[in-house]
Number of protein chains: 2
Amino acid sequence: MNEITKRQKDYLNAAIGLVSERGFSKLTFRNIAQEVGVTEASVYRHFSNKLDLLRALLKDLEESIAPHFEKLVDTSIPPKERLEQLIKGLFCAFEKNSAHTSIIFSEEAFHSEEELRNDLKSISERNISFLSSFYKDLQENQLCRSDIDSKELALVTLGSIKLTVTRWRICEKNLGLEDAVSNLINTHSVLFNLRNE
Amino acid sequence: MNEITKRQKDYLNAAIGLVSERGFSKLTFRNIAQEVGVTEASVYRHFSNKLDLLRALLKDLEESIAPHFEKLVDTSIPPKERLEQLIKGLFCAFEKNSAHTSIIFSEEAFHSEEELRNDLKSISERNISFLSSFYKDLQENQLCRSDIDSKELALVTLGSIKLTVTRWRICEKNLGLEDAVSNLINTHSVLFNLRNE
DNA sequence: TTAAAGTAAGTTATCGTTAACTAACATATT
DNA sequence: AATATGTTAGTTAACGATAACTTACTTTAA
């Protein structure tokens, strides 16, 4: 609910780095404190408990990802470019902090906390709905195949993005992310018969 | 390496149930022991440490999933049916034990253990390669669109399957898995222009 | 009778969390 | 200007719970 303070943001950045580099299981008050250079108890000055911290973390990550999906409905840009910008934007964010993928894409992480699980669900459904209305608009303007429901197209796109990121993470960044992105865009163009006009 | 004993299998089943119902973080020696009805130390009679247990768990899950992918190359069955059987088979396995999804699909769970991360990677690549050669064969027989590389098609399919399972899990099984399956198959038929002959 | 399976009772380490207290600074009152 | 009050961000030290893991002893079954 409340706005985040500058100092809280410091702690959150430490948390994000921790998840990115050492995994979700290493996200502890001790480790965050160590990263920031303070004591464990000090973290409690800014987050009253772990749920509170996770809530803030999820919100912070959502705010860094949502804009990419929102841009999908900006009709001043050619549709294929919009999709390209979404994919590139997301992958760029993921490259900077793979915590984004760990958290945004991992329902497992929040298995125990129903509230956070629901938050994660909302974020995911919102992203799907942006993608879906993007495709619906294209279909209505004959810029995309319309023999498949726009929501199904959205699910295919999101699934591909998630899988690509997952594989890229697991391969320890061996395979080029750039190539993966252009493959993704090309595959979508052909498969969905995307046109700019 | 070694074959698994009957008693070990009991413990693994308990472990799978645990992950399915209470999440990966609740997979502890204490909880496994409690499920089986023995003492914590007893579990150590069968698995020398946690890495050993996770190794066995991963192998066990792989053995229950691999056959579904292997059936893809059985040319005695019409191709569309083969794909349908893969998807249905996987979803059926996931419905019985959602641990399969937590583990097979979650790179996060094994973030800290490089050995297991590599195992997971191998399993994933193997599955992709089965799907890929399935599509390649179809393409060579003009039973599938061939303007996109078979591996890209495989990635789209796997991504869709994973996303569908994830969403189904997160929604607490509210939305029907049956519908999701038939949607998936239909979307693939149309999108990939799949034919039986 | 001997090897496999189980137990009780510990170890050490780390987790989230709290309590009691301090130093530095801003604001308000006299 | 000087004093009083409040806030912010930090400290040390401990709490109970739980994790992985060990040792020494007992039961059970081929």
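The values are calculated or read from the model by the stated rules, or taken from the named source; none is laboratory data. Remember, predicted model here, so these are calculated numbers, not experimental data. Methodologically, a virtual Cβ is constructed for each residue, glycine included, from the backbone with ideal geometry; neighbour enumeration extends over all protein chains shown.
Inside the range B:143-159, residues that are surrounded by fewer than 18 Cβ atoms within 10 Å (Cβ to Cβ) and in contact (Cβ under 8 Å) with a residue 40 or more places away in the chain make up a count of 1. Taking (1) over 30 Å from A:Ala14 (Cα atoms); (2) surrounded by 16 or more Cβ atoms within 10 Å (Cβ to Cβ) in turn, A:Ser98 satisfies each apart from (1).
Taken over the range B:9-31, residues that are buried (at least 19 other Cβ atoms within 10 Å of the Cβ), farther than 20 Å from B:Phe94 by Cβ and within 10 Å of DNA strand D (Cβ to nearest atom) amount to 1.
Do you know which of the residues in the range A:32-63 that are of a type in the set (S, T, N, Q) and more than 7 Å from DNA strand D (Cβ to nearest atom) is farthest from A:Ser122 (Cα to Cα)? Walk me through it before giving the result.
As a first pass, look at the range A:32-63 and keep what is of a type in the set (S, T, N, Q): A:34, A:39, A:42, A:48-49.
In the following step, the residues that additionally are more than 7 Å from DNA strand D (Cβ to nearest atom) were identified as A:34, A:48-49.
Working: A:Gln34: 32, A:Ser48: 24, A:Asn49: 23 Å.
Ranking the qualifying residues of the range A:32-63, first place goes to A:Gln34.
Quick one: what pairs do we get from the range A:13-40, first residue farther than 13 Å from A:Leu57 by Cα and more than 11 Å from DNA strand C (Cβ to nearest atom), second acidic (Asp, Glu) and not in a loop (DSSP other than H, G, I, E, B), C-beta under 8 Å, 6+ apart or different chains? Sorted first by the residue in the range A:13-40, then by its partner, the pairs are A:Gly23/B:Glu108; A:Val36/A:Asp10. With the condition kept exactly as written, say whether any residue in the range B:137-151 is part of a helix (DSSP H, G or I), within 15 Å of A:Leu155 (Cα to Cα) and at pLDDT 95 or above. Checked against the condition, which is being part of a helix (DSSP H, G or I), within 15 Å of A:Leu155 (Cα to Cα) and at pLDDT 95 or above, the range B:137-151 yields no hits at all.
Scanning the range A:41-59 for residues that are over 26 Å from B:Leu27 (Cβ atoms) and either more than 9 Å from DNA strand C (Cβ to nearest atom) or touching a Phe, Trp or Tyr at 6+ places or on another chain (Cβ under 6 Å) (or both) returns A:Val43, A:His46, A:Ala56, A:Lys59.
Remark: pairs (first residue in the range B:182-197, more than 10 Å from chain A (Cβ to nearest Cβ) and under 13 Å from B:Val156 (Cβ atoms); second residue assigned to a helix (DSSP H, G or I) and among the aliphatic types (A, V, I, L, M); Cβ separation under 8 Å; 6+ apart in sequence or on different chains) = B:Leu194/B:Leu83; B:Leu194/B:Leu138.
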